[in-house]
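Down below is the structure, laid out as structure tokens.
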Amino acid sequence: MFVPDSNDLHSIADHRRAAEERKLPRCSVCRDPITDDHYYFIKGMSVCCDCLDREFRVLCD
Ligand SMILES: [Zn+2]
């Protein structure tokens, strides 16, 4: 059975993604590029929406 080798396509996509990520702000918590249309800047830290929910939200009793 012939399986198409998509390595070339993947590397092109990776390069393009890397180029896009370079100009994106980076989350200080998870270190991922922030792809949302907004993020939070708290005490000098850039925080993505996911981390804000995960790391900073505390549920009250
Ligand atoms: Zn984050």
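Ordering 29, 47 from largest to smallest accessible area (1.4 angstrom probe), what's the sequence?
29, 47
Of the accessible area of the chain, with the probe set at 1.4 angstrom, what percent is carbon plus sulfur?
52 percent
What is the angle, in °, between the Cα long axis of helix 7-22 and the longest principal axis of the Cα atoms in the chain? Nearest 10 is fine, range 0 to 90.
So the inclination is approximately 30 degrees.
Treating only the Cβ of Lys, Arg, Asp and Glu as charged (+1, +1, -1, -1), what charge dipole size does the chain show about its Cα centre? Round to the nearest 20 debye.
320 debye
Taking 0.36 nm per intervening residue step and subtracting the Cα-Cα distance, what contour gain separates residue 30 from residue 43 on full extension?
Gain in length upon complete extension: 3.1 nm.
Hey, can you grab everything whose amide H is under 5 Å from the amide H of residue 46? Only 5+ residues off in sequence or another chain; H modelled, so Pro and N-termini drop out.
Under 5 Å from the amide H of residue 46: 28.
Suppose R0 equals 30 Å. What FRET efficiency, 1/(1 + (r/R0)^6) with r the Cβ-Cβ distance, do residue 50 and residue 5 give to the nearest 0.05?
0.35
Could you give the accessible area per residue of the chain, probe 1.4 Å, as a whole number in Å²?
91 Å²
Checking a compactness column here: for the chain, what do you get for Rg(Cα) / (2.2 N^0.38 Å), N being the number of residues?
Here the Cα radius of gyration is 1.63 times the empirical estimate.
The values are calculated or read from the model by the stated rules, or taken from the named source; none is laboratory data. Bear in mind the structure is a predicted one, so any value in this text is a computation, not a measurement. Note that we place each Cβ from the backbone using ideal geometry, even for glycine, and neighbour counts take in every protein chain shown. The accessibility values were calculated without ligands, DNA or RNA, using every heavy atom of the protein model including side chains. Shrake-Rupley method; radii C 1.70, N 1.55, O 1.52, S 1.80 Å.
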